[in-house]
Amino acid sequence: MKYPHRTCLFKETAQEYGYKLASFQGHEFSLRVSASPSLDDVEAFAVTVYYSLSTRENVEIARVDTAHGFTHFDRLYRRDQPKEPVEWDWQKAEEELRENWRRYAKSYDDAYGL
């Protein structure tokens with residue numbers, strides 16, 4: 001399977017926003033923030049860096065979320081990586097992914113190709 005990390009919706013009731021980061025290796029990369037029930041009252045969140053295929057499918061490369069009962073960083077370019085706990089709120093997660101997305105994109109490209 002060439003693209004193991006496809007995007008799915010966080011929650012139907014989540015408040016979301018996103019924006020384009022830049023281009024890398026001919027692909028446009030974006031960042032999406034989802035919080036539930038809202039960004040002002042966060043019980044769960046996900047911050048994701050992804051790129052879009054020509055088929056309009058999104059391929060996630062890095063994500064910080066609160067799934068599995070704790071906040072953790074998923075480096076989706078590493079096979080079988082353990083869930084790395086982090087002490088970040090959604091703003092810190094957004095900052096981390098926004099500032100370092102090129103490094104994660106390069107690692108994903110090295111592992112799977114873009």
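The values are calculated or read from the model by the stated rules, or taken from the named source; none is laboratory data. Model, not experiment: these values are computed from the prediction. So basically every Cβ, Gly included, is an ideal-geometry build from the backbone, and we count neighbours across all protein chains shown. Only protein heavy atoms, including side chains, enter the accessible area calculation; ligands, DNA and RNA are left aside. Shrake-Rupley method; radii C 1.70, N 1.55, O 1.52, S 1.80 Å.
What is the sum of charges, Lys and Arg at +1 and Asp and Glu at -1, for the other residues whose Cβ falls under 13 Å from the Cβ of residue 24? Working shown, then result.
Numbers: positive: 20, 102, 103, 106; negative: 28, 109, 110.
Value of the local net charge: +1.
Which value, to two decimals, describes the C-alpha radius of gyration of the chain once divided by 2.2 N^0.38 Å? Numbers along the way, then the final one.
Values: Rg = 13.4 Å, N = 114, 2.2 N^0.38 = 13.3 Å.
The reported ratio for this selection is 1.01.
Take every Cα-Cα pair in the stretch 19-61 and report what % of them are more than 15 Å apart.
Working: 433 of 903 pairs.
Beyond 15 Å sits 48 percent of the P(r) for the stretch 19-61.
Using the heavy atoms of the protein chains alone and a 1.4 angstrom probe, what is the accessible area of the stretch 8-93 per residue in square angstrom? Write out the running numbers ahead of the final one.
Values: 4920 Å² over 86 residues.
Value for the stretch 8-93: 57 Å² per residue.
Taking only DSSP H segments of four or more residues, each worth -39500 (n - 2.57), what value at 222 nm results for the chain once the sum is divided by all its residues, to the nearest 500 deg cm²/dmol? Mind showing how you got there, number by number?
Working: 1 runs with 23 residues, N = 114.
The per-residue figure over the chain is -7000 deg cm²/dmol.
Name the residues whose placed amide hydrogens come within less than 5 Å of the amide hydrogen of residue 76, ignoring near sequence neighbours (fewer than 5 apart) on the same chain.
62, 63
Of all the accessible heavy-atom surface of the chain, with the other protein chains kept in place and a 1.4 Å probe, what percent is carbon and sulfur? Don't skip to the answer; put the middle values down first.
Values: 2950 of 6560 Å².
Answer for the chain is 45 percent, counting heavy atoms of protein chains only.
Only four residue types carry charge here, +1 at the Cβ of Lys and Arg and -1 at the Cβ of Asp and Glu. Report the dipole size of the chain about the Cα centre in Debye, rounded to the nearest 20.
On the way: 16 positive and 20 negative charges, 126 e Å.
With only Lys, Arg, Asp and Glu charged at Cβ, the dipole is about 600 debye.
So how tilted is helix 90-112 from the main axis of the chain? Cα-based, degrees 0 to 90, rounded to 10.
20
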